[in-house]
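Here is the structure we will look at, set down as C-alpha cells.
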Amino acid sequence: MNISELWIAHSQSKFPSGYGGKDVNGVCVTSLDSCVSGCVSSYVSKGSNKIDLERYQVLRNSKTQLELVLPYIDESAFEYFSRLYEMCSSIINEAEIA
C-alpha cells in the first residue's frame with residue numbers, strides 16, 4: 001500500500017479499545033497516535049513528497065517510540081500501531097525535507 005492508502009485505512013479505523021491514555025513501555029500511545037496522524041495528514045494533503053524538518057523529526061522520533069511499543073501490545077492493537085509505524089517509515093524513506 002502507498003502512504004495515501006495507508007492513511008485512508010488508518011483514518012477509517014478505530015483507536016484500539018483499552019489503549020486510550022495508556023502508556024506502553026513508557027510511551028503514551030494516545031499522544032503518539034496524535035503526533036503521527038497530524039504529520040501524515042499534513043504530508044498526504046500536500047500531495048508531494050516534501051516534508052518540513054520539524055515534521056520529519058517528529059516522525060523519526062515516533063518511529064523509534066513505535067519500536068518500543070510494538071513488542072508490548074496485544075494482537076488486537078498490533079495492526080493499528082504497525083500501520084502507524086509503516087507510515088512513519090515510508091515517509092522518512094521517501095520524503096524530501098523542504
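The values are calculated or read from the model by the stated rules, or taken from the named source; none is laboratory data. None of the values given here were measured: they were computed from a predicted structure. Cβ sites come from the backbone with ideal geometry, for glycine too, and all protein chains shown count toward neighbours. With ligands, DNA and RNA removed, areas are computed over all heavy atoms of the protein, side chains included. Shrake-Rupley method; radii C 1.70, N 1.55, O 1.52, S 1.80 Å.
Cβ-Cβ contacts under 6 Å between residues 6 or more apart (or on different chains), taken from a first residue in the stretch 76-94 that is open to solvent by less than 10 Å² (accessible area, probe 1.4 Å) to a second residue that is among the basic types (K, R), are listed as C88/K63. The numbered conditions (1) touching a residue at least 12 places away in the same chain (Cβ under 8 Å); (2) loosely packed, with under 12 Cβ neighbours inside 10 Å are all true for G21 except (1). Being within 25 Å of A95 (Cβ to Cβ) and open to solvent by less than 40 Å² (accessible area, probe 1.4 Å) is a property that L68 lacks. Scanning the stretch 45-81 for residues that are among the hydroxyl-bearing types (S, T, Y) and more than 17 Å from K22 (Cα to Cα) turns up S45, S48, Y56, T64.
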